[in-house]
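> One structure is given below, represented as structure tokens, and several questions about it will come after.
Derivation of every value follows stated rules applied to the coordinates shown; laboratory data play no part. Fair warning: this is a prediction, and the values are worked out from it, not measured in the lab. Here the Cβ positions follow ideal geometry from the backbone for every residue, glycine too, while neighbour counts run over all protein chains shown.
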């Protein structure tokens, strides 16, 4: 509710500015430096001072006198050299919260597309992929919490080099037929994505030792793109099986998708052909006739390279006729905005255990009526920072085609890599070189086979959490203990991936992630569990859940909120949506994680300071119970946005 009231204050002040001075003003709000200065600070007088050529304080005094009354605002005061400090009506504010006014949600126009995960379907997902997926999933949840319609896409590059390399491994290193690989998948003696993890590393090593073997890759790549022969069949088997494995891995963290657009359909349905003709017609690309890129269609560096950036033109179509990743991605980005004049066919791939329907692109009409996918008004591509250059080329392609507005609304949601702490690497039994042992963190490499598979990491976290749960609750059945441990593991992992800003390199550490103390997922989960436990204990004592609305009228709320600490705690707990809104504006899910931690800290201090169940004054006891219930609801709401479950106990 706080951010709704804040928005009303901004709109009200903006209207008065226009009435008084005849100018439009983007009114910003800030949090006052000290709590005693009020709840909202407005620096609008400083914004207007140069334009009006008047002192900020004089403007602020004039505005304060002209603002009039606004429901929910108790007073507006001039402070310092020109700030307007707003004090809220505490009783009315609390009563609105009690009545559930903060639960009313807007439905905003347009559709935002968030594309994330995008793992090459050639081997098991690893720890770095988890950061991508957790960031993307959380950002989508944040957008939905603010009322946006969000479509989550997971692009499947099932015709690329990495899939071709695994096909090479099966054909040339293991001499397996498509039927043998199909049997390998079906029988499941070993997890197929793990099997391909090792095979991919072997193929990479073989290329290093025998560079002439790279010709096998080209053969496989051509066959896969053409969709013909044994190599194409192997590519299809590998891609489909590993996509299923990735979906299962991500579901363990509560991550779901709406649609899987596949590169194979981008090729078969001539998406790229349509984009290629557009790019040629607009002169966005040209055929290079000399030098190292002779015979290639390239985009000039002037289209995308910033001053001091790369000088080479970017190859879009290789001289052998195959399309580069970035070429296909330009076509894909055009489709996302509904600019390509083409669409996929779709079929249902699966239903998640919660009933959510997942669609996948197809090249033939299906029997089902699919939702309308694509046609976004804004697109976020969650791709690591090492791909910034390629993302710049994609946006340059949109601009070159005249789609300037869509180019501005194409956001590269970049993030840095995930490494391991030295302690974590040792716990996982990873053999390190002397050089690696000297570093502050250990980098992983799927190509070298050095890394942490996502499922292994989740399993290890569950086992670590299970040991703690079993020691605290030995009386519980093993299956319940494991369920609780899984929830704690998910909370630990997701929070660890989210608490750092996107431009920070993460060094994952089991002990740090699973700690019940400090800025961790389990710490925040424990605060929510503790809040729930108060009401469980209330029932055990034979007391009924109070009728908060019936017992706490506005006067009672004013009396209780005269205590500054109560007011500040309630105010902080009511700012969940405001925290999410600011985090979306900044593009930083870490801000929501930080808010959740601070909220948990506030509740834990409240819990220790006030003996809620033994309070003798009825009004105060009911108020404390309401505060507890509100804290609980806000914690659970915020944890839900972070994708973190609340266990039954810890």
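> With a cut-off of 8 Å between alpha carbons and a minimum separation of six or more residues, what is the relative contact order of the stretch 2-88 in percent?
The value is 28 percent.
> Next question. Antiparallel DSSP bridges in the chain: what percent, to the nearest 5?
That works out to approximately 55 percent antiparallel.
> Another question, then. Report, in degrees rounded to the nearest 10, the 0 to 90 angle that the Cα long axis of helix 229-251 makes with the longest principal axis of the chain.
20
> With 10 angstrom as the radius, rank 567, 251 by how many other C-beta atoms surround their C-beta, starting from the fewest.
251, 567
> Sort 599-610, 158-169 by packing, meaning the average of other beta carbons within 10 Å per residue, with the highest value first.
158-169, 599-610
> Report, in deg cm²/dmol and to the nearest 500, the calculated mean residue ellipticity at 222 nm for the chain, where each DSSP H run with n ≥ 4 adds -39500 (n - 2.57) and the sum is divided by the residue count.
Counting only the DSSP helices, I get -16500 deg cm²/dmol.
> So, one more: Whole Å is fine, so just give me how far the alpha carbon centre of the stretch 150-226 lies from that of the stretch 390-435.
Result: 23 Å between the Cα centres.
> Could you give the length gained on full extension between residue 585 and residue 173, defined as 0.36 nm per residue of separation minus the Cα-Cα distance, in nm?
Roughly 143.3 nm would be gained on extension.
> State, to one decimal in nm, how far the label point of residue 290 lies from the label point of residue 191, with both points 7 Å from Cα in the Cβ direction.
With each label placed 7 Å out from Cα toward Cβ, I get 5.5 nm.
> So what is the relative contact order for the stretch 515-641, in percent, with contacts set as C-alpha pairs under 8 Å and at least six apart?
About 38 percent, as a whole number.
> Would you compute, for the Cα atoms of the stretch 513-641, the largest minus smallest coordinate along each principal axis and list the three values in descending order, in whole Å?
Taking the Cα atoms of the stretch 513-641, the three principal extents are 44, 31, 21 Å.
> Which whole-angstrom value gives the distance between the alpha carbon centres of the stretch 28-77 and the stretch 99-120?
Distance between centres, Cα-based: 32 Å.
> Quick one: helix 271-281 against the long Cα principal axis of the chain, what's the angle to the nearest 10°, folded into 0 to 90?
For helix 271-281, the angle is close to 90 degrees.
> When a footprinting reagent is the concern and you count Cβ atoms within 10 Å, what order do 544, 501, 29 take, fewest first?
Lowest to highest Cβ neighbour count: 544, 501, 29.
> Across 5 Å bins from 0, what is the distribution of all Cα-Cα pair distances for the stretch 149-308, in whole percents?
1, 8, 13, 15, 16, 15, 13, 10, 6, 2, 0, 0
> Sequence gap at least 6, Cα distance under 8 Å: using those rules, report the relative contact order of the chain to the nearest whole percent.
Normalised by residue count, the contact order of the chain is 14 percent.
> Related question: From the mean inverse distance of alpha carbon pairs (Kirkwood) and the Cα radius of gyration, derive Rg over Rh for the stretch 2-88.
Details: Rg = 11.8 Å, Rh = 12.7 Å.
That ratio is 0.92, to two decimals.
> Could you check the simple spin-label distance between residue 568 and residue 554, using points 7 Å along Cα→Cβ, in nm with one decimal?
2.7
> OK, next. Mind pulling the angle between the C-alpha long axis of helix 178-187 and the longest principal axis of the chain? Nearest 10 degrees, somewhere in 0 to 90.
Computed tilt is about 40 degrees.
> In which sequence would 314, 123 go, from the one with the fewest C-beta neighbours within 10 Å to the one with the most?
Ascending number of Cβ neighbours within 10 Å: 314, 123.
> Ratio of alpha-carbon Rg to the 2.2 N^0.38 Å globular estimate for the stretch 419-512, to two decimals, please. Don't skip to the answer; put the middle values down first.
Values: Rg = 15.1 Å, N = 94, 2.2 N^0.38 = 12.4 Å.
Against the empirical 2.2 N^0.38 Å value, I get 1.22 for the stretch 419-512.
> Continuing with this model, one more query. How large are Rg and Dmax for the stretch 53-159 when calculated on the C-alpha trace, in angstrom?
Over the stretch 53-159's Cα set, Rg and Dmax evaluate to 23.6, 67 Å.
> Right, another one. Can you give me the Cα centroid spacing of the stretch 475-506 and the stretch 309-364 in angstrom?
33
> How many Å³ per residue does the convex hull of the Cα positions in the chain occupy? Kindly include the intermediate steps, with their values, before the conclusion.
Working: hull volume 134.8 nm³, N = 650.
Enclosed volume per residue, from the Cα hull, is 207 Å³.
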